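Okay, structure first, notes after.
All of the numbers you see were taken from the coordinates with simple rules; none came from a lab. Quantities reported herein were computed from a predicted structural model and do not represent experimental measurements. Positions of Cβ are backbone-derived with ideal geometry, glycine not excepted, and every protein chain shown enters the neighbour counts.
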Amino acid sequence: MEATTHDVIIVGGGPAGLTAGIYARRSKLEALLIEKMAPGGQVLSTHWVDNYPGFPEGIAGFDLSDRMRQQAERFGLAIVSDEITGASLEGPEKVIRGVEREYRTRAVIVASGAVWKKLGVPGEERLAGRGVSYCATCDGPFYQDLEVAVVGGGDSAVQEAVYLTRFAKKVYLIHRRDQLRACRILQEKALSHPKVVPLWKRLVESVEGTDQVEALRLKGPDGLVPETLPVQGVFVYVGIQPNTEWLRDLVPLDPQGFIPTDDRMATQVPGVFAAGDVRKKMVRQISTAVGDAATALLAAEHYLENS
Ligand SMILES: Cc1cc2nc3c(=O)[nH]c(=O)nc-3n(C[C@H](O)[C@H](O)[C@H](O)COP(=O)(O)OP(=O)(O)OC[C@H]3O[C@@H](n4cnc5c(N)ncnc54)[C@H](O)[C@@H]3O)c2cc1C
């Protein structure tokens, strides 16, 4: 059982959590970051980051994560390894419950991020970052004049399919049903685009390729003969899952489980702030995560001064 009450506890050590940690320590707050895996979050497994400012040639995701961690540690941020499973957030002293122990704090920054749902087919994991992507904004420009596929039928899938037409020669839109779930205006935009080729009622059976994606094996309904679709990239948009299971019934969440905040990143629970992909918001990128985190931490500091 932890006796000390921290000024601020940050849950999650991705770009949002590490940025909150840097700001907290530079403000001389007594801060603790709790991360269940290695610090870095989704960036740790991102092959190459080309759109984060300050790296004119781009930077490997692993190196960017490592630099953020080093910077946070330079200011003396304490990082512990634990998985948070619950909390008591009402009142001025909050208790955060981990698998290893309990932690006490006056303010909380929720930076536990999100995970993109996988297709769960052979080849997907092996070729992730080698043609399999979950982020068109991040990886789209690598597919200039190539042929790619987008899997999914919701707003994200259809919007990103249209975005990918800026680069790719052809964008196959693979959906398991015979109509899209995306809003009408997006559907019309995608389906009227000359580069977008919808493939209805198809399931991806496997992702094929040696070192890079070379093709998808598709199956139609009722056991139709599988077909091979040669593509150099596949963008998977079958849903994103926020890591908010531990917050259920503690902080109001939207129907998908994301945390609504105001423009100070405050949740509806006093002293609890959220930053990064875990928030209900439009754009989930490293730059937006670090921006959220700077705001969240400074708002938390203001809360601490006034409570
Ligand atoms: C394949 C891929 C490529 C991408 N490429 C780019 C790119 O090129 N450019 C770009 O800007 N963005 C890119 N992104 C998006 C970017 O990585 C995210 O927007 C960013 O990482 C969000 O940061 P975050 O700190 O909010 O969350 P995350 O990075 O998701 O970090 C959350 C952290 O919280 C930890 N955590 C979760 N639950 C708990 C718990 N209960 N207890 C303790 N710890 C917990 C997780 O282990 C994780 O380390 C990419 C994403 C993916 C998946």
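Points to keep in mind about this one:
- Net charge, I59 excluded, C-beta distance under 9 Å - Lys, Arg +1, Asp, Glu -1: -2
- Overall Cα dimensions of the chain, principal axis frame, Å, largest first: 63, 39, 33
- Whole-percent pair-distance distribution, where bins are 5 Å wide, for the alpha carbons of segment 1-83: 3, 16, 25, 23, 16, 10, 5, 2, 1, 0
- Every Cα-Cα pair in segment 193-298 was counted, and those over 24 Å apart are 49% of them.
- Cysteine residues of the chain whose C-beta has no other cysteine C-beta under 4.7 angstrom: C183.
- Fluctuation leader among V148, V225, V278 - the chain, Gaussian network, Cα springs under 10 angstrom: V225
- Segment 92-180 - Debye-derived log10 I(q)/I(0), Cα point model, q = 0.13, 0.22, 0.25, 0.26 Å⁻¹: -0.59, -1.13, -1.39, -1.45
- Charge sum, other residues only, whose C-beta stays under 13 Å from H193's C-beta, Lys/Arg counted +1 and Asp/Glu -1: +3
- Put simply, the convex hull of the Cα atoms in segment 132-236 casts, on average, a shadow of 6.1 nm².
- Taken as entire DSSP H runs, the helices of the chain that both span 27 Å or more between Cα atoms along their own long axis and average -1.0 or more on the Kyte-Doolittle scale are 286-306.
- Cβ-based net charge around V8, under 11 Å, with every Lys or Arg adding one and every Asp or Glu removing one: 0
- Alpha carbon centroid spacing (whole Å) that separates segment 121-145 from segment 60-98: 29
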